[in-house]
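Presented below is the structure to which this report refers.
The values are calculated or read from the model by the stated rules, or taken from the named source; none is laboratory data. The structure presented is a predicted model; accordingly, all values stated were derived computationally and were not measured. Positions of Cβ are generated from backbone atoms using ideal geometry, with glycine treated the same way; all protein chains shown enter the neighbour counts. Ligands, DNA and RNA are stripped out before the accessible areas are found, and what is left, the full protein with its side chains, is counted by its heavy atoms. Shrake-Rupley method; radii C 1.70, N 1.55, O 1.52, S 1.80 Å.
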Amino acid sequence: MKDKGKLFVISGPSGAGKSTVVFKATEGRDDVCFSTSVTTRKPRPGEVDGKEYFFVDLEQFDEMVKNNELLEHATYVANSYGTPRAYVEKQIDAGIDVILDIEVQGARQINEKKPDAVKIFIIPPSLQDLERRLRGRGTDTERAIEARLIRARQEYAEADFYDYIIINDDAESAAKELAAIMVAERCKYSHRAHYLKEV
Ligand code: ADP
Ligand code: 5GP
């Protein structure tokens, strides 16, 4: 029997480097995929519908919630975000690992619904670094940056249910840590115990 895919939940403050680290850790691999979320946030310059996010309006978002099409959903800094359920379940059944880049409230919902999901919290070396990175990225207004810094402090206080913490100082090293966690989780007894039953 083929292994099922595993669900990896990656959280951490906006600007911690989650996209950067996930991209480096998974580049060129076809046994892992990234779940594209839906959001009511407006696209940033350069963001493409269906790539970074599926951009929807609040009415469409509420309709998806009502139809139970989202595995989890949450509000983050005045916008709604959610994970489309069908894609995630299809990939897991096909033996492909799925990465969700979601904030803490959504991660908590996944933790309750799918307790074997692996929860990883990525942080910058300090909140000063975070502020520098958000400014350096140049995609958020001053108000949005301040709101994201406040939210980062709240998220740190709520992050007690994660399995791993990665400190993204050097992005290459952080990506190596993420790749190592993914390999180790695939080798876990609980994930492979079914092989022992086939002897
Ligand atoms: P997130 O996905 O967590 O919001 P990004 O991956 O968009 O964060 O990274 C935020 C900014 O910080 C980007 O400009 C990115 O190039 C930069 N960055 C990411 N990792 C590092 C790092 N280890 N050192 C310095 N800058 C980084
Ligand atoms: P951004 O607006 O910077 O792209 O994302 C803001 C926050 O929303 C990030 O912390 C990101 O992880 C989170 N996020 C993105 N997609 C989802 C989702 O589908 N569900 C939840 N709960 N959070 C999400």
(Q) Show me, bin by bin at 5 Å from 0, the whole-percent P(r) of the chain based on Cα pairs. (A) 1, 7, 15, 19, 21, 18, 11, 5, 2, 1, 0, 0, 0
**Q.** At R0 = 35 Å, FRET efficiency that the Cβ-Cβ distance of residue 65 and residue 31 yields, to 0.05
**A.** 0.70
Q.
As a test of the formula, what do you get for the chain when each DSSP H run with n ≥ 4 contributes -39,500 (n - 2.57) and the sum is divided by the residue count, at 222 nm and rounded to the nearest 500 deg cm²/dmol?
A. -13500 deg cm²/dmol
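Run the numbers on the range 26-146 and let me know its relative contact order in percent, using alpha-carbon pairs under 8 Å that are six or more apart.
On the way: 128 pairs, mean separation 30.3, N = 121.
For the range 26-146, the relative contact order is 25 percent.
How high is the relative contact order of the range 1-94, given as a whole-number percent (alpha carbon pairs under 8 Å, six or more residues apart)? Working shown, then result.
Values: 92 pairs, mean separation 28.8, N = 94.
This gives 31 percent for the range 1-94.
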**Q.** Burial ranking of peptide ranges 177-189, 115-127 (average Cβ count within 10 Å, highest at the top)
**A.** 115-127, 177-189
Q) If you count the DSSP beta bridges with both ends in the chain, what percent of them are antiparallel, to the nearest 5? A) 30 percent
Q.
Between 0 and 90 degrees, rounded to the nearest ten: what's the tilt of helix 171-186 against the longest Cα principal axis of the chain?
A. 30 degrees
(Q) Can you give me the % of accessible surface on the range 111-199 that is carbon or sulfur? Probe 1.4 Å, all protein chains present, nothing else counted. (A) 53 percent
Q.
My understanding is that a pair violates if its Cα-Cα distance is over 28 Å; which of 2/119; 176/197; 6/42; 119/176; 18/42 do that in this structure?
A. 176/197; 6/42
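What accessible area per residue, rounded to a whole number of Å², is obtained for the range 153-199 using a probe radius of 1.4 Å?
Per-residue accessible area for the range 153-199 comes out at 69 Å².
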